[in-house]
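Throughout, read-outs are computed from the coordinates displayed, never taken from laboratory work. The shown structure was predicted, so the numbers you read here are calculated from the model rather than taken from an experiment. When we count neighbours, we look across all protein chains shown, and the Cβ atoms used for this are built from the backbone with ideal geometry, even at glycine.
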There are 2 protein chains.
Amino acid sequence: MIVSDVLATGLLQGLDKETAESVLLLAERRMVAAGDIVFTAGEPACAVHVLVSGVVHLVQCTPNGSRIIVKYVRPGEVFGSPALLGRFYPTDAITVTDCLELQWPSEVMRWLVDRNPAMALNVIRNLEARLREMESRVRDLSTEPVEQRLARAILQLVDTYGQLTEEGVEIPFPVSRQDLADLIGCTLHVVSRTLSTWETQRRVKRYRRRLVIADVEAVAGVLYGSQPQVREAPSLPVHGVEAIATFHSAAKISIGRHDVNNAT
Amino acid sequence: MIVSDVLATGLLQGLDKETAESVLLLAERRMVAAGDIVFTAGEPACAVHVLVSGVVHLVQCTPNGSRIIVKYVRPGEVFGSPALLGRFYPTDAITVTDCLELQWPSEVMRWLVDRNPAMALNVIRNLEARLREMESRVRDLSTEPVEQRLARAILQLVDTYGQLTEEGVEIPFPVSRQDLADLIGCTLHVVSRTLSTWETQRRVKRYRRRLVIADVEAVAGVLYGSQPQVREAPSLPVHGVEAIATFHSAAKISIGRHDVNNAT
DNA sequence: CGGGCAGTTGAAGCTCCTCAACTTAAGTGG
DNA sequence: CCACTTAAGTTGAGGAGCTTCAACTGCCCG
């Protein structure tokens with residue numbers, strides 16, 4: 001089945017064929033329509049989820065009405081892992097497109113992880129990656145202005161979801177200005193203005209809840225331009241370069257990686 | 001030995017006595033003087049570390065010279081877990097006080113985790129907690145102004161390290177204005193100004209690289225005051241409350257939890 | 001006792017947010 | 001199919017919050 005391909009790089013990595021299949025047999029398969037809720041923040045985490053196809057985003061809302069997009073989940077990724085520890089879901093998980101997901105009840109997943117060190121390691125791998133991701137976002141929020149944060153966010157979307165069209169690279173699911181704002185921690189107004197000027201510079205094309213990057217390199221240029229040269233930088237190890245590497249991989253490899261069904 | 005007490009809540013949780021002791025026997029014990037480097041960002045992660053006593057912080061530096069304090073590690077916590085996956089250290093780990101740490105070479109830890117599901121689960125628990133921490137920081141950076149971020153950061157320091165003295169609750173290791181700034185993502189100037197006004201309000205006392213909270217509740221009040229009432233809040237699950245809960249536990253329980261040797 | 005690091009404080013300026021009015025696109029129902 | 005409704009997006013003006021620049025104070029260590 002195709003499902004196992006998606007999981008081969010994630011939860012099932014390093015498992016032999018039989019155990020992988022038995023793990024899959026224990027999963028509940030579920031279709032979720034675009035815009036639906038997979039789970040809700042605050043409720044007891046009853047299952048570990050893996051996205052097979054489509055796009056899910058993890059969202060938090062604050063008491064004063066702001067919304068934060070914590071993460072876009074891509075096919076193959078684990079989400080809802082607090083279920084392993086008998087915790088509560090820390091975020092809402094909401095589908096952006098029609099999705100297919102697998103889920104394992106907490107106890108089942110716990111049983112599997114106890115028995116298969118490789119699976120435990122895969123969970124660790126996943127968490128480690130997400131931690132790096134969040135550290136990187138804290139770094140950006142702390143040190144970079146909106147324009148650069150926006151460039152980074154868009155480049156990352158391009159890198160993981162971008163599909164090549166005649167107009168340029170397109171993000172194959174609805175992304176509003178507000179979504180981008182919630183992703184980089186600013187208001188939709190600034191995003192709107194920034195994209196406006198970027199459009200006049202032929203970097204992007206703007207549509208309703210749709211994002212097309214006409215010139216990926218030009219968007220990446222926003223990042224380069226920011227550090228013309230090092231001023232007094234002690235030759236300590238330094239971060240912020242990997243995003244540029246990420247971009248390069250984007251331009252070469254990852255365009256049109258997933259086939260995500262457009263929706264709503 | 002006392003070491004095992006520290007670890008009982010962390011890496012060794014749920015292990016029977018014999019295996020716990022054999023795990024400890026495989027560890028290398030290491031004293032690190034205040035201000036020294038445990039490991040450096042970018043170098044191959046060769047060992048998983050656990051802090052036994054003292055304080056370590058994880059730090060990142062950006063190309064344009066900013067510094068971010070990613071985390072204060074407290075006794076019992078695991079750090080350097082990328083070693084498990086054969087990655088590179090993503091941050092510098094630098095001691096704030098004299099420290100005692102244990103470390104396991106990557107392969108050894110990998111061997112242990114493969115053999116003891118409980119240990120794998122403990123690593124997962126640790127990563128999960130750190131992920132929540134970082135998500136919370138992203139939320140704060142995105143939505144809250146400096147004064148509230150500062151209040152939260154200080155309350156968290158109080159919660160995990162605070163010691164009750166006659167002046168109030170003290171953070172038992174050196175914390176500069178720059179440190180606080182790097183923790184909440186702003187400049188030392190804003191921190192300085194904010195602490196100034198807080199001192200006139202008898203909330204804190206200011207010293208050189210030393211922080212005393214005279215009135216914990218008053219500092220927590222900064223957070224309450226921020227959301228006078230909900231404006232249009234849909235009754236969706238909401239975040240930002242747990243920080244207040246955190247504070248309450250701070251006021252009651254956690255003062256004087258660790259005995260950290262002051263240094264430098 | 002002097003040099004340097006940590007911290008304070010003022011003033012100016014820029015980035016971003018807020019408020020507000022308006023435009024455009026996508027449904028919705030008669 | 002077209003008026004109506006609603007959501008998404010744009011753009012301007014004003015102002016708050018934070019950064020930057022700069023000058024200065026006080027503390028600690030050699």
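Label point of B:Ala8 set 7 angstrom out along Cα-Cβ; within the range B:76-100, amide nitrogens under 15 Å from it belong to B:76.
Among the listed pairs A:Lys71/A:Lys205; A:Lys205/B:Lys71; A:Lys17/A:Lys71, which have their C-alpha atoms separated by more than 28 angstrom in this model?
Values: A:Lys71/A:Lys205 24 Å; A:Lys205/B:Lys71 39 Å; A:Lys17/A:Lys71 31 Å.
From A:Lys71/A:Lys205; A:Lys205/B:Lys71; A:Lys17/A:Lys71, over 28 Å: A:Lys205/B:Lys71; A:Lys17/A:Lys71.
Find out how many positive minus negative residues lie around B:Asp182, taking Lys and Arg as positive, Asp and Glu as negative, among other residues whose Cβ is under 14 Å from that of B:Asp182.
Spelling it out: positives minus negatives among the neighbours equals +4.
Proximity of backbone amide H atoms, modeled 1.01 Å from N, is registered between B:Gly42 and B:Tyr89, B:Thr91 at under 5 Å, excluding neighbours fewer than 5 places apart on the same chain. Distant-in-sequence amide contacts of B:Val52, defined by a placed amide H-H separation under 5 Å and a gap of 5 or more residues or a different chain, comprise B:Gly76, B:Leu100, B:Glu101, B:Leu102.
In whole angstrom, note down how far apart the Cα centers of the range B:1-35 and the range A:1-78 are. That distance is 35 Å.
Here the range A:84-132 and the range A:148-181 have alpha carbon centers that stand 26 Å from each other.
Rg to Rh for the range A:3-137: what is it, with Cα atoms only and Rh by Kirkwood? Before the final figure, lay out the partial values.
Details: Rg = 14.4 Å, Rh = 15.1 Å.
Dividing the radius of gyration by the Kirkwood radius yields 0.96.
Proximity of backbone amide H atoms, modeled 1.01 Å from N, is registered between A:Thr97 and A:Gly35, A:Val55 at under 5 Å, excluding neighbours fewer than 5 places apart on the same chain.
Give, rounded to the nearest 20 debye, the magnitude of the charge dipole that the range B:1-148 has about its Cα centre when Lys and Arg contribute +1 at Cβ and Asp and Glu contribute -1 at Cβ.
Details: 14 positive and 19 negative charges, 43 e Å.
Once rounded to the nearest 20, the dipole reads 200 debye.
In this assembly of identical copies, the label point of A:Gly225 (Cα plus 7 Å along Cα-to-Cβ) is separated from its counterparts by 4.0 nm, sorted shortest first. Couplings for the range B:46-54, taken from phi via the Karplus curve 6.51 cos²θ - 1.76 cosθ + 1.60 with θ = phi - 60°, read 9, 8, 8, 10, 10, 7, 9, 8, x Hz in order; Gly and Pro are left as x. Sequence-ordered 3J(HN,Hα) estimates for the range B:106-113 from the Karplus curve with 6.51, -1.76 and 1.60 and θ = phi - 60° stand at 3, 5, 5, 5, 4, 4, 5, 5 Hz, glycine and proline given as x. Placing a label point 7 Å from the Cα of B:Glu21 along the Cα-to-Cβ direction, the distances to the matching points in the other copies come to 4.6 nm, shortest first.
For the range A:209-219, backbone phi angles converted through the Karplus equation (6.51, -1.76, 1.60; θ = phi - 60°) give residue-by-residue couplings of 6, 8, 10, 10, 9, 6, 9, 4, 4, 5, 5 Hz, Gly and Pro being listed as x. In nanometers and ordered shortest first, the copy-to-copy spacing of the B:Pro44 label point, defined 7 Å from Cα toward Cβ, is 4.6.
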